[in-house]
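Here's the structure, in structure tokens; my notes come after.
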Amino acid sequence: MRFILLAPLLLAAVPAAAQVELLDQIAPEAGKGQIQLTTAPGGESIQLMSGVSDLLALGGTLAFEDGVLEEASASAMFRFSKPDQGPLGVAVELTGSLARGGSLSDLEARLILERQSDRWWVQATGIVRHSREEGERGTGLAYVGSLQHKLAGAWLGVETSGRFATLSGSGEVFGVGQYYAGPSLTLEQELGEKDLEVGLSWQQRVKGDGARSGPRVYAQFTF
């Protein structure tokens, strides 16, 4: 029932200005697939990932602004350890994106750190991104972080993200100086050998001129 109450939010388009940074998780295990639907300040996305081996997962993403396709991406994630085994889950994800019209819009590398125990769930993503827009180019650094504690069967905590440094080119193209923070809630449900995860967080813009404050809502199905 609680998933049904959250589902209509997945169809609510948020007026776009610039996409807020999204938290990334270590992708599915070998032989499993994962589909995720997300709406957040700045747009919506559909992502599909497939675990090719214990080391490698491949996938693609379609990103929309106000229901219009704006970007298509292909990703390769290299997983070195799992988030529920050992001290820390570690993965590196490489992504290339094409804008509407076929021009290269982004090249991105992500370092994903994740640890999930019975009571605590810690996630952190460091991002290096090269962006192109209308002949301008910019390369910069960004981050996303989440800390959640399990209470009454749900994960409750905080999420934060930001674009904090320009390495080269135009800081306006990269969007440096945009910061968000707010509370988060994640629900998990096992469906036999499949899993459903639904997350909700409030992205409060605390600095910068990026997308306006609003909810990030996602549904992730692993099969």
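The values are calculated or read from the model by the stated rules, or taken from the named source; none is laboratory data. Predicted model only: the values in this text are computed from it and were never measured. Cβ atoms come from the backbone with ideal geometry, glycine included; neighbour counts cover every protein chain shown. To get the accessible areas, we keep the full protein, side chains included, count just its heavy atoms, and leave off ligands, DNA and RNA. Shrake-Rupley method; radii C 1.70, N 1.55, O 1.52, S 1.80 Å.
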* **Exposure of residue 202 as accessible area (Å², to 10), given a probe of 1.4 Å and all protein chains** => 110 Å²
* In what sequence, largest accessible area first, do 84, 24, 54 appear using a 1.4 Å probe? -> 54, 84, 24
* Asked: By how many nm would the segment from residue 141 to residue 128 lengthen if fully extended, with 0.36 nm per residue of separation less the alpha-carbon distance?
  -> 4.2 nm
* Roughly speaking, what is the centre-to-centre gap between segment 16-74 and segment 75-112 when only Cα atoms are used, to the nearest Å? -> 10 Å
* Where 119, 129, 100 fall by accessible area, highest first, once all protein chains stay in place (1.4 Å) -> 100, 119, 129
* Would you compute, from DSSP H runs of 4+ residues alone, the mean residue ellipticity of the chain at 222 nm, taking -39500 (n - 2.57) per run and dividing by the full residue count, rounded to the nearest 500? => -500 deg cm²/dmol
* Structure fact -> With label points set 7 Å from each Cα along the Cα-to-Cβ direction at residue 193 and residue 154, the distance between them in nm comes to 3.2 nm
* Structure fact -> Ranked by GNM mean-square fluctuation in the chain (Cα springs under 10 Å), the top entry among 133, 65, 21 is 133
* Asked: Under a point spin-label approximation (7 Å from Cα along Cα-to-Cβ), what is the residue 76-residue 223 distance to one decimal in nm?
  -> 2.7 nm
* Asked: Which percent of Cα pairs goes in each bin when the distances of the chain are cut into 5 angstrom slices starting at zero?
  -> 1, 7, 14, 19, 23, 18, 11, 5, 2, 0, 0
* Structure fact -> When every protein chain stays in place and a 1.4 Å probe is rolled, 98, 23 sorted by accessible area with the largest first are 98, 23
